[in-house]
Amino acid sequence: MTGSTVSGATAVPRSRRSRALGRRSRAIGRLVFLGPGLAYLIVLLLVPLALILSYTVFRRDRFGGVVYEATGENFTRLLDPLYLDVIVSSLKLATIATVIALLVGYPTAYLIAQLPRKWKTIALVAIVLPFWTNFLVRVYAWIVLLSGPGLVNSALGDLGLGPFEFLYNQGTIVTGLVYSYLPLMVLPLYAAIEKLDPQLREASANLGARPARTFVSVTLPLTLPGVVTGCLFVFVPSFGNFVIPELLGGGRSIMVGNLIRDQFLKARDWPFGSTLTLALLAVLIVLLLLQAWSARRA
Amino acid sequence: MRRPRLLYVPFWMTYVFLYAPIAVLVVMSFNSGDSPYSFDGFSLKWYGELAGNAEIGKGLVNTLLVAAGSTVLATVLGTLLAVGLARYSRSKVLDAIGVLPAVLPDLVLAIGLLVFYGTVKMTLGLHSVLLAHTVFGMAFVAAVVRTRLTHADLSLEEASRDLGANAVTTFLRITLPQLAPGIAAGALLAFTLSVDEFVIAFFTAAPTEPTLPIVIYSMVRFGVTPEINALATLLLAVSFTVVIVAQRMTRLTESLS
């Protein structure tokens, strides 16, 4: 109420009544503004998540229904090599995709940050543009390129090579993951590199450090938060993906995402599917906690 | 500043990698032949086929219905939530709940909603997808509006109250107009995300009412057809236009403010 004291005309000492009114209007404001959104999120976000959590302790009956008796069998089943292997291979594929995206994305982001202002905007928009196009269409493009009679094979055939089976292996899955999420790596890296004071690098060079040494001791440590964020942005959607392994990996259950989809849509085993979803979430939460911890240290 | 020449190799590789597959799709969409793999000559016949494809037409209508509905709902709820979180709450927990749908993996949200709809025995249809898309749309609208709120001038609202306007008038005449660009940007984001969204729609839609991404998915799974190239090219054209227009608009508002 600074305005009233300045103008003077309406300056009235705050009575107990007006304070009560203020408190009431805050309560009304809270109800009007926070109420609808939070109610929506409680019903359609928190309750669903709680349901996933609670289904993990039940088991499936013979007809695809749920037996509401507490049991720990879903969690022991998780340790079955059949499923554990899928989780491990998902971790592996998502990690490889993340590392490749980092190795490709870092130099690209570094160079974009050094470009003149006008080109910088164009280069950044060009990085984001594919990300705003339909995800399935981008995955489909790789089928056209890589499938048996596809374009890469016919080009190689003209050279007297092949044909090769490019599709339906782990390499194609990784390619699809990197292709889909590379923009999410480049953006945070760019933001971190852009903030870097160029004088620090100049100082390092003036003190006799070679470019490689400057990079390792100055540039990389200072852009590490961007590296961590970019890696998370690529790893999280890769780890839980089921479309890319399905379309480019040949439809077998090779990643957790496929396994979860199958539990819900084919096996109709909601309790075990929920347990797998919880496992997926647990891995991601551990990673987020690690990131928060590293951010606090930095 | 010095730009190490060696860096241009991964730099250009990135762009070739990002755009080569897209370029191939666009070129092949104008193919006159039936093979999706070899270019025989220029024609628009696949665009004609596409226009006559009832399944795709239905998917497109469904997608637009879901996107429009969820955008309206998400924009209203998200804007209110943003104001509420910024002005009426200091709780970190509420903040976290507000951004949770945006950071949660889509598969987890999809499974949660499928389980929820199943447990309350709600029939699936376009309404179930619409409600699901509102969950994440709202989080994105709230995030965009909140950044706008931090730039909003509080003294204008105080002046309005001091001059005798009540809370509702002040909100409608002072706060809302200041937030308008943020609300518009948030709505555009919610709409685009809904149009493109596949995973959540896949788990929460009825088989008889697929959205466009679901139709594309089943076509792609079935095999490669040149029709998808034409559809992909059209979708690319739309997204590219939207992104470039949005880019221009934000630059315009930046230069105005």
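What follows is calculated from the coordinates using simple rules that are stated; it is not laboratory data. Note that the structure is a prediction, hence the values are computed from the model and not measured. Don't worry about glycine lacking a Cβ; one is built from the backbone with ideal geometry, like all the others, and counts go over all protein chains shown.
State the volume of the convex hull built on the alpha-carbon positions of segment A:209-298, expressed per residue in Å³ and rounded to an integer.
101
Quick check for me: using +1 on Lys/Arg Cβ and -1 on Asp/Glu Cβ, what's the dipole size of chain B about its Cα centre, in debye to the nearest 20?
720
Give the separation of the Cα centroids, segment B:31-51 to segment A:229-298, in Å.
With segment B:31-51 and segment A:229-298 each reduced to a Cα centre, they are spaced 38 Å.
Please list the three semi-axes, largest first and in whole Å, of the ellipsoid equivalent to segment A:83-297, using sqrt of 5 times the eigenvalues of its alpha carbon gyration tensor.
Ellipsoid half-lengths, sorted descending, are 35, 25, 15 Å.
Separation of segment A:102-134 and segment B:177-256 by C-alpha centroid, Å?
Centre-to-centre distance over Cα atoms comes out at 21 Å.
If each of B:Leu176 and B:Arg161 carries a label point 7 Å out from its Cα toward its Cβ, how far apart are those two points in nm?
My value for the distance between the label points is 1.9 nm.
Among the lysines, which have Cα under 30 Å from the Cα of B:Lys121 when same-chain residues fewer than 8 positions away are ignored?
A:Lys266, B:Lys58
Using 10 Å bins from zero, what percent of all Cα-Cα pairs in the protein assembly as shown falls into each bin?
It works out to 3, 15, 24, 25, 18, 10, 4, 1, 0, 0, in whole percents.
Given H placed on each backbone N at 1.01 Å, which residues far from B:Asn31 in sequence or on other chains put an amide H within less than 5 Å of it?
Excluding prolines and chain starts, which carry no amide H, the hits are B:Ser43.
What percent does the relative contact order of segment B:136-257 come to when contacts are Cα pairs within less than 8 Å and at least six residues apart?
25
When the helix-only estimate is applied to the protein assembly as shown (DSSP H runs of n ≥ 4, each -39,500 (n - 2.57), divided by the residue count), what is the mean residue ellipticity at 222 nm, nearest 500 deg cm²/dmol?
After summing the helix terms and dividing by residue count, I get -23500 deg cm²/dmol.
Could you state the principal axis extents of the C-alpha atoms in chain B, from the largest down, to the nearest angstrom?
For chain B, the Cα extents along the three principal axes come out at 73, 63, 32 Å.
To the nearest 10 degrees, how steep is helix B:92-103 against the longest Cα principal axis of chain B, on a 0 to 90 scale?
With both axes taken from Cα atoms, the answer is about 20 degrees.
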